[in-house]
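One structure below.
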Amino acid sequence: MSSMNTGRIAALVLWCASLSTKAQTACNNLIDLCGQVDSTVTLSSAMDLENVAALTGSFAATSVQVIRFHTTYLDPAGQGLEVHLSNSQCAPFFQARVFQPDPFNPCDAGAYVSVSDLMTTNEDTVLYTAPLYINTDYILLVGSNTPGCALDVRLEGRSVSIDACCAAAIDYGETVNVEVKGSDPALGFVWTPEELAQMVDNQLATLSPYETTTFEVTGFVEGCSYTDAVLVAVGSPIEVPNAFSPNNDAFNDTFDIYGLSQFEFSTIEIFDRWGQSVFRSVSYPNPWDGMFRGRAVPAGTYYYVINLNEPNANLAPITGHVAVIR
């Protein structure tokens, strides 16, 4: 365990011990909130924080809820946090403000440094903060003069997010490395689909999709989990021409499909416009030459269904049409 975490735990133990000698309902009812989670909070505690007089002029509600949240390790890139406040039952108004507290005593109002304006309203609204420090505790103070009223709170923004970077386009059979920023790598990651992702470093994963896939990754910060998604586009494993001319001129005489031979269990079936099968092959060792039962098929459009039957991947059939030109 790091010395920073050890210091935090020791400070919290001392803080909790101090509560036994102080009847501070606001501190007793402090709740922890994760980002990107909808929460309903009830403003039922008296505004009796330690050194509460320091908030005179910057927060005036009499019933409050003290909400602590912890930012992720993701660089805010100059962006502030969004505090979404909605479905208020706190007529005629509620107040909300975000503060940076003393990390060793989150309920000492005398040490609060405001990082947002004071919001006073009873409408659905968004409170914006200044850019926040990474990996840091903050206090969201929500209050009203209507004891016991409730409202919904949700935190959004880079400060409560992780980032899987970046989307990529690869050829079939290739892999791509994706870096996951913002979470605590010591707490691990959860990938979906799990079998196609492998962590190769603290924050670096190698993704090996057989087809275009949206990966989801969940990382962790303190007691919170955060999820991001990254798209890896995979090119077609084969190249199918749209026409060939089987006229025995030694040029483009067969229906050559690039890459199909590498799939030894693949099947291809070709149909005429009435749905009659005119060609079928497994692994396609000999490309179709435009013949059916020893006779040349008429010029026109034919339709194919290719199943790659790759044992390690669930690939959809490849369908299309090809023109026979004579």
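If you take the residues in the stretch 175-207 that are part of a loop (DSSP other than H, G, I, E, B) and of a type in the set (Val, Ile, Thr), which one is nearest to Pro76 (Cα to Cα)? Out of the qualifying residues, it is Val200. Contact annotation: residue pairs with Cβ atoms under 8 Å, 6 or more positions apart or on different chains, pairing a residue in the stretch 129-140 that is closer than 9 Å to Ser159 by Cβ with a partner that is surrounded by fewer than 22 Cβ atoms within 10 Å (Cβ to Cβ) and among the hydroxyl-bearing types (Ser, Thr, Tyr), are Thr129/Ser116; Ile134/Tyr73.
Just one residue in the set Ala323, Ala229, Ala299, Ala316 is free of Cβ contacts under 8 Å to residues at least 40 places away in the same chain and either surrounded by fewer than 16 Cβ atoms within 10 Å (Cβ to Cβ) or closer than 30 Å to Phe69 by Cα (or both); that residue is Ala299.
If only one of Gln36, Gln89, Gln100 is free of Cβ contacts under 8 Å to residues at least 60 places away in the same chain and either more than 17 Å from Ser144 (Cα to Cα) or not aliphatic (A, V, I, L, M) (or both), which one is it?
Exactly one residue qualifies, and that residue is Gln100.
Can you find a residue that is modelled with pLDDT of 95 or more, assigned to a loop (DSSP other than H, G, I, E, B) and in contact with a Ser or Thr (Cβ under 6 Å, 6 or more places away or on another chain) anywhere in the stretch 297-312? No: the stretch 297-312 contains no residue that is modelled with pLDDT of 95 or more, assigned to a loop (DSSP other than H, G, I, E, B) and in contact with a Ser or Thr (Cβ under 6 Å, 6 or more places away or on another chain).
Among the residues of the stretch 101-118, how many are touching a Ser or Thr at 6+ places or on another chain (Cβ under 8 Å) and among the hydroxyl-bearing types (Ser, Thr, Tyr)? Within the stretch 101-118, residues that are touching a Ser or Thr at 6+ places or on another chain (Cβ under 8 Å) and among the hydroxyl-bearing types (Ser, Thr, Tyr) number 2.
Identify, from the list Thr254, Thr301, the residue that is more than 21 Å from Gly173 (Cα to Cα) and in contact with a His (Cβ under 8 Å, 6 or more places away or on another chain).
The conditions single out Thr301.
Within the stretch 115-124, does at least one residue satisfy the condition of being assigned to a strand (DSSP E or B), within 30 Å of the chain's Cα centre (by Cα) and at pLDDT 95 or above? Yes: the stretch 115-124 contains one or more residues that are assigned to a strand (DSSP E or B), within 30 Å of the chain's Cα centre (by Cα) and at pLDDT 95 or above. Set side by side, the residues Tyr172, Tyr138, Tyr210 differ, and just one is closer than 20 Å to Asp38 by Cα, of a type in the set (Phe, Trp, Tyr) and not in a helix (DSSP H, G or I), which is Tyr138.
The values are calculated or read from the model by the stated rules, or taken from the named source; none is laboratory data. Bear in mind the structure is a predicted one, so any value in this text is a computation, not a measurement. Every residue, glycine as well, gets a Cβ built from its backbone with ideal geometry; the counts of neighbours run over all protein chains shown.
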